[in-house]
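Down below is the structure, laid out as structure tokens.
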């Protein structure tokens, strides 16, 4: 069940959306140092909306990937086709949907509508239920934690810059006044940090949202009938962390409590992902009981998030800190 590589997805999302994030973080940093409370408040509010939009769109992408994965299973597994094919045109529609591009630059609201309208009729109820849950998850107030995290990082950086300026030998008030008088000076001092921080936070947020979208779509009864489990997929190259590699290949049903510990990302710049597993695939792997229950993997002790990383569990459950 091939899906878009998460590294490619993160780069694509970053190229399309991350610049707005970086510009607003930089604007907040400059405003904090210059004590411009009005501009800081405006920039923070705009950042909150950018986070809501980008994470919401990423969740739609994740949900679309799960629905497309379901469609691909139906393409290749005759025993499942009877569940969704009731006419020849439905079969054609499923095939077309499975190969569509799923990353337009649109608003969250447009992405949600697009998810519904281009999903085949046989999966449309699943798409509608999924879009409703994503809209609720990323409604107003749901991304406050991410905005607060950015605000805390900006405040810390601003204090560091001011402290470094004081150490140059000027009096505290005089140094602060000199620095705050020049927007260009502040921007030069903080620009590289803003870009690095924004890129890291953006990638973490997007991967979290993609995972949330995949879980949301996988919860739908139609999807569960066809693909009731996820497999953890670590990249497996030399940059993959040992605790991430330890989770590679683990299989759990979509509702398993183990996902509260293993839902990607497991650390900063994590490239891990989860992929749906169909019933025929699970049967071939001997991972189904006679009654159709998924035989879950045993969770190794070393498969876990990075030390100190703020892992919020399954992000579709609302714990999206």
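Please treat every number below as a calculation from the coordinates, not as lab data. None of these values were measured; they are calculated from a predicted model. Please note: Cβ atoms are built from the backbone with ideal geometry, for glycine as well, and neighbour counts cover all protein chains shown.
See the values below:
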{"read-out": "Ordering of 148-155, 283-290, 50-57, 220-227 by burial proxy (mean other Cβ atoms within 10 Å per residue, highest first)", "value": "50-57, 220-227, 148-155, 283-290"}
{"read-out": "Two-site FRET efficiency, residue 188 against residue 298, from Cβ-Cβ distance with R₀ of 51 Å, rounded to 0.05", "value": "0.45"}
{"read-out": "Listed peptides 266-274, 295-303, 64-72, 190-198 by packing density, highest first (mean Cβ within 10 Å)", "value": "64-72, 266-274, 190-198, 295-303"}
{"read-out": "Protection-proxy order for peptides 251-263, 199-211, each taking the mean of Cβ atoms within 10 Å per residue, highest first", "value": "199-211, 251-263"}
